[in-house]
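> Pasting a structure here, questions to come.
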Amino acid sequence: MNKKYIEFLNIISLRGPNIWTYRPVLEAWVDIGDLEDCPSNTIPGLYERLSTWLPGLIEHRCSYGERGGFLRRVQEGTWPGHILEHITLELQTLAGFPGGFGKARETPIRGVYKVVVRAWHEPLTRRALYFARDLLMAAIEDRSFDLADAVETLRDLADDECLGPSTACIVDAADDRDIPYIRLNDANLVQLGYGKAQRRIWTAESDGTSAIAEGISRDKDLTKALLQACGVPVPEGRLVESAADAWDAAQDIGLPVVVKPYDGNHGRGVFTCLMTQAEVEAAYAIAVEEGSGVIVERFVLGNEHRLLVVGKKVVAAARGEAAWVVGDGVSSVDALIDSQLNSDPRRGSSEEHPLNRVRLDSAARLELKRQGLVDGESIPALGQSVLIQRNGNVAFDCTDEVHPEVAAVVALAARVVGLDIAGVDLVAEDISRPLAEQGGAIVEVNAGPGLLMHLKPAAGQPRPVGRAIVDHLFAEGEQGRVPVIGVMGSQHSSEAAALTAALLQDSPKKVVGLAGANGLYLNQRCLASGDQRQWQAGQRLLINRAVEVAVIEHTAEGLLSEGFSYDRCHIGVLTDIDVNAHLGPFYIDSPEKVSSIFRCQIDVVLASGAAVLNADDALVAEMARLSDGAVSFFTQQPLSPALIAHVAAGGRVLQQQQNTLVFHDGQQSQSLALSQSFSTAQLAALTTAWAMNVSPASLLERVAALPTWSVSYSV
């Protein structure tokens, strides 16, 4: 019986750096059955259907390294596993996640492939793999496929589960600076950096945003009082208790006035330029339902502006514009809004649209009545200009127009409230002039401001607001990292990891985390017993604010099934490699493939860090060329010519000669007498601590203070 179908045997989520790439991927084990005998050039119409359904495949360069390279492979003949990879990547592109890593590799089993694709977000990529399989089978069998429905499903999944645009732009900016990040929940809480050096963000709020400041910003009356006390221009106004009180306040302040909720948001229930008692009382009735109270304040002439303050300076500004339609004597207001405003391709409900669709809310209906129109079904006269919204869609960039005095006042307003990141709303006729000379005023100071208006303005230049926030959180040159020591090896890594953690504990003030074979530890405190050489255990250390140094051990099996729990490490330790290790379930069936797994530990060493290598294991020693950082060897043998050359070039070697340890450091060496010989694991730990700048003499003092140097040692 022929089996021409694509079956997923297994899908492995590699959530950290792995044997394929530094980024998270899904590795799908795919059985293509008898399609192994059907390369793409033998399937009539396959090329035409794929290139028609997915025209973006023309951009896939593939092995030819040129535009159209993948489609050329399809024409010449390639296998379904390879095609599945590219379709998955293209579906992710259509869902809003362009580009990314992809590979398709044969296994020793006929018809079974490993298909590897960049996992921007695991549930989305997993769904994209299944859609890609179904699309490919439809193309092979010349059946229809609802591509639009698949893409819409993926986009909905992205909207529901991926980071929002404000958070994502900050994370992307951190990534550009090589600052690692960890998503802490299904919403927008993200950790930037590791351990004690971390910072946290939630959309555009940081762990430096105080709850007191946020509470003040929600209390509009208190905010105005504080700003006014510091000389910041604000519109006069007060809280009111009834519709009658609202009219009394309006008369005291002087018409026109604004009526708005005391603690509302997103402009709901805000009425501007109110001129009559009827308007004020009607506005009060609506505003009181949108918040816990109502404010009446002086109407400030001009356009609404949103200025973003990060730290102590304005980094972006956007202006709102009024929305008008012009009557044709035939169409209703609703129809004119649809044809003249909502037809603008910049308007929509998704994050891709910088402008919202215009709708007739209570404030807009009030504007219509002022102009002699009853509601949306009214028909304006030919040529009549009809105002729909006075202020809205604050999405027109005006950063370069902001007057220095305006920027100074806005930054002061954020400081008065106490916000490190703030969206300051002000009304002014001309943002390029000081507020005092035009009667402009600051009307609100908001915590957690949206950033989309600055990232994708309706007009003007996008602003790098995510980078501004990252630069505020991390000084130049900082990457939010604590030293991470990654340890791998076939036999000696567990003892080496435990001893390294013990050596680095100067005192109770030095908090060292260990995730290893004997458990998860924070100094002497056990957080979890049993084998903790897992991705999740390493992550537990990295999110712990107390951790100053993290020692994390990974096994070859763990790397193949989960990936590393960190993006890069300061020290990468490789104790030994057993090329006969049994990794058959992962289709690792040769010494070369086994060695390629362990090399990953050295591939992830930072340029500012070091690789610690066993010079007595030839395969381990060869890994020195892969390290982006320095290299420190340890050996129990006389120095080889290669090690002599390494030392001459300024490198480090820890050598055990009978009962003497020799610390070779470039042109200098230091010998220390021992009472016993050390094992491979012990030498690895000593070399690692030395690479962490613990002095040789101090190392031996610490060794003497340790209870035991046995394999079962655990901190």
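> Give just the number: which of (1) at pLDDT below 95; (2) touching a helix residue (DSSP H, G or I) at 6+ places or on another chain (Cβ under 6 Å); (3) of a type outside the set (V, I, T) does S63 not satisfy?
(2)
> Further, regarding this structure: Given the residues L129, L157, L135, which is the only one that is in the same structural domain as W29 (by TED's automatic domain parsing) and in contact with a Pro (Cβ under 9 Å, 6 or more places away or on another chain)? Even if it seems obvious, please write down each step before you answer.
Values: L129 fails: in contact with a Pro (Cβ under 9 Å, 6 or more places away or on another chain); L135 fails: in contact with a Pro (Cβ under 9 Å, 6 or more places away or on another chain).
Matching residue, one of L129, L157, L135: L157.
> Something else about it: May I ask you to say which residue of R540, R467, R463 is within 23 Å of the chain's Cα centre (by Cα), closer than 28 Å to R599 by Cβ and either in the same structural domain as D172 (by TED's automatic domain parsing) or surrounded by 17 or more Cβ atoms within 10 Å (Cβ to Cβ) (or both)? Give the steps one after another, and end with the answer.
Values: R467 fails: closer than 28 Å to R599 by Cβ; R463 fails: closer than 28 Å to R599 by Cβ.
One residue alone meets the criteria, R540.
> Name the residue, out of R525, R568, R540, that is out of contact with any helix residue (DSSP H, G or I) (no Cβ under 8 Å at 6 or more places or on another chain) and free of Cβ contacts under 8 Å to residues at least 24 places away in the same chain. Working first, answer last.
Details: R568 fails: free of Cβ contacts under 8 Å to residues at least 24 places away in the same chain; R540 fails: free of Cβ contacts under 8 Å to residues at least 24 places away in the same chain.
Result of the check over R525, R568, R540: R525.
> Looking at L504, L522, L473 in this structure, which one is under 25 Å from P180 (Cβ atoms), assigned by TED's automatic domain parsing to the domain that holds D603 and in contact with a Lys or Arg (Cβ under 9 Å, 6 or more places away or on another chain)?
On the way: L522 fails: in contact with a Lys or Arg (Cβ under 9 Å, 6 or more places away or on another chain); L473 fails: assigned by TED's automatic domain parsing to the domain that holds D603.
Exactly one residue qualifies, and that residue is L504.
> Please verify whether Q668 is farther than 30 Å from L527 by Cα and more than 35 Å from the chain's Cα centre (by Cα), treating the condition exactly as stated.
Working: farther than 30 Å from L527 by Cα: yes; more than 35 Å from the chain's Cα centre (by Cα): yes.
Against the criterion (farther than 30 Å from L527 by Cα and more than 35 Å from the chain's Cα centre (by Cα)), Q668 qualifies.
> Working only within segment 568-585, note down all residues that are out of contact with any Phe, Trp or Tyr (no Cβ under 7 Å at 6 or more places or on another chain) and either modelled with pLDDT of 95 or more or crowded, with 20+ Cβ neighbours inside 10 Å (or both). Before the answer, list the steps.
We begin by selecting, within segment 568-585, every residue out of contact with any Phe, Trp or Tyr (no Cβ under 7 Å at 6 or more places or on another chain); these are 568-573, 575-576, 578-585.
Listed by number, the residues that qualify are R568, C569, H570, I571, G572, V573, T575, D576.
> Quick check, is R126 outside any loop (DSSP other than H, G, I, E, B), over 17 Å from the mean Cα position of the chain (by Cα), closer than 30 Å to V484 by Cβ and modelled with pLDDT of 95 or more?
Yes.
> Turning to a different aspect of this structure: Being without any contact (Cβ under 8 Å) to a residue 60 or more places away in the chain and out of contact with any Leu (no Cβ under 9 Å at 6 or more places or on another chain) is the filter here; which residues of segment 101-119 pass it?
First, the residues of segment 101-119 that are without any contact (Cβ under 8 Å) to a residue 60 or more places away in the chain: 102, 104-106.
The answer is R105, E106.
> Evaluate segment 393-411: report whether one residue or more is assigned to a helix (DSSP H, G or I), surrounded by fewer than 21 Cβ atoms within 10 Å (Cβ to Cβ), modelled with pLDDT under 95 and not small (G, A, S).
No.
> Read through the list (1) crowded, with 23+ Cβ neighbours inside 10 Å; (2) over 26 Å from V470 (Cβ atoms); (3) at pLDDT below 95, then give the number of the only condition that A436 fails.
(1)
> Starting from residues that are under 21 Å from D34 (Cα atoms) and of a type in the set (S, T, N, Q), keep the ones in segment 72-109 and report whichever is farthest from the chain's Cα centre (by Cα).
The qualifying residue farthest from the chain's Cα centre (by Cα) is Q75.
> Could I ask something else about it? So, in segment 309-358, of the ones that are in a strand (DSSP E or B) and of a type in the set (K, R), which residue ends up modelled with the lowest pLDDT?
The selected residue is R347.
> Is it the case, given these coordinates, that R177 is at pLDDT 95 or above and assigned by TED's automatic domain parsing to the domain that holds D34? If you could, list the steps in order and put the result at the bottom.
Numbers: at pLDDT 95 or above: yes; assigned by TED's automatic domain parsing to the domain that holds D34: no.
No.
> Could you list, in sequence order, all residues of segment 33-90 that are free of Cβ contacts under 8 Å to residues at least 40 places away in the same chain and small (G, A, S)?
Hits for segment 33-90 are S51, G56, S63, G65, G68, G69, G77.
> So is E66 of a type in the set (D, E, K, R), under 31 Å from the mean Cα position of the chain (by Cα), crowded, with 21+ Cβ neighbours inside 10 Å and more than 19 Å from G563 (Cβ to Cβ) or not?
Working: of a type in the set (D, E, K, R): yes; under 31 Å from the mean Cα position of the chain (by Cα): yes; crowded, with 21+ Cβ neighbours inside 10 Å: no; more than 19 Å from G563 (Cβ to Cβ): yes.
So E66 does not fit the description; no.
> Which one is nearest to the chain's Cα centre (by Cα), of the residues in segment 46-55 that are surrounded by 14 or more Cβ atoms within 10 Å (Cβ to Cβ) and closer than 19 Å to P98 by Cα? Full working, then the answer.
Here is the first cut: in segment 46-55, the residues surrounded by 14 or more Cβ atoms within 10 Å (Cβ to Cβ) are 46-47, 49-51, 53-54.
Applying the additional criterion that residues be closer than 19 Å to P98 by Cα yields 50-51, 53-54.
Working: L50: 32, S51: 32, W53: 31, L54: 28 Å.
Taking the candidates together, the pick is L54.
Listed here are the residues, each with its yes/no results for (1) aromatic (F, W, Y); (2) within 21 Å of Q92 (Cβ to Cβ); (3) surrounded by 15 or more Cβ atoms within 10 Å (Cβ to Cβ).
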{"position": "I109", "(1), (2), (3)": "no, no, no"}
{"position": "L129", "(1), (2), (3)": "no, yes, yes"}
{"position": "E141", "(1), (2), (3)": "no, no, no"}
{"position": "A150", "(1), (2), (3)": "no, yes, yes"}
{"position": "I182", "(1), (2), (3)": "no, no, yes"}
{"position": "Q191", "(1), (2), (3)": "no, no, yes"}
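> Just checking: which of the strands (runs of 3 or more DSSP E) contained wholly in segment 188-297 hold 3 or more residues that are free of Cβ contacts under 8 Å to residues at least 60 places away in the same chain and not polar (S, T, N, Q)?
Numbers: elements: 189-192, 199-202, 237-240, 257-261, 271-274.
Fully inside segment 188-297 and qualifying: 237-240, 257-261.
> Which of the residues belonging to segment 17-39 are surrounded by fewer than 20 Cβ atoms within 10 Å (Cβ to Cβ) and of a type in the set (G, A, S)?
If the condition is that a residue be surrounded by fewer than 20 Cβ atoms within 10 Å (Cβ to Cβ) and of a type in the set (G, A, S), then G33 is the only one that fits.
The values are calculated or read from the model by the stated rules, or taken from the named source; none is laboratory data. All of these numbers come straight from a predicted model, not from anything done at the bench. Positions of Cβ are generated from backbone atoms using ideal geometry, with glycine treated the same way; all protein chains shown enter the neighbour counts.
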